[in-house]
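All remarks here apply to the structure that follows.
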Amino acid sequence: MTDPNGRLCALFDGLATRIRSAELRTVGFTGAVYGEGASTLALGTSLSLAAVRSGQVLLVDANWLRPSLTSDAGVRSAPGLADVLRGDAELGKVLVPTDRPGLSFLAAGGVDGRRPPLEDLSSFLTDALSEFSAVVADLPPALAGESVVLAWGAALEQIFVVVRNGVTPLALVRRAIEEVALEQPQIVLNRATAATGSGTAASRVAMT
């Protein structure tokens, strides 16, 4: 959960500003399949939102299939979202601190082969918004976790569908949108190219 050079924030400032201008407080990121970069966009957008919003931002790892943000934060075994939704933990007591002012993180939590209840997502978001100015959720791919994305799509104000530009077939993206019944999805084109002399990738984002 670190960003020592601030480069990631710079890449996503435009998207964060658009979210702020639209007065959106709850957003989620998904892709059609794995490898689209949804987790990276969720993290980058959260960092940028924390820089431009006056209140606190909550980044939620809701990708129980592959909770990469939770793993990267080193809190794979810690309680989190799943425990809060089951009523086994209080949101304020399971937040993971970050080194970014204005940003808090909620890990995926203990799933243990059980699907956490999703019926109370609206209540969870209402509670979260009483403490945070914005909530950003990292979701599983639409074609791998349809039921999860469908539930979050009904509770969030906006879902962003991340597409690896020139990689993901348009037909696959359309199928993903149809299967999770997204009425007004925003498509984020993720153009990733290897950075010269390093093993990292620099993403450029265009929202349509």
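Counted residue by residue at 0.36 nm each, then reduced by the alpha carbon distance between them, the extension gain from residue 65 to residue 184 reaches 40.4 nm.
Each peptide in 38-49, 64-75, 137-148 was scored by the mean count of other Cβ atoms within 10 Å over its residues; highest first, the order is 38-49, 137-148, 64-75. Relative to the current alpha-carbon distance between residue 34 and residue 77, full extension at 0.36 nm per residue lengthens the span by 13.2 nm. Relative contact order, whole percent, for the stretch 44-146 stands at 40, derived from Cα pairs under 8 Å and 6 or more residues apart. Here the spin labels are modelled as points 7 Å beyond Cα on the Cα-Cβ line, and at residue 147 and residue 54 they lie 4.3 nm apart.
Bear in mind these aren't lab numbers, they're just calculated from the coordinates by the rules spelled out. The model shown is predicted, which means the values in this text are computed figures rather than measured ones. Glycine gets a Cβ as well: all are built from the backbone with ideal geometry, and neighbour counts include every protein chain shown.
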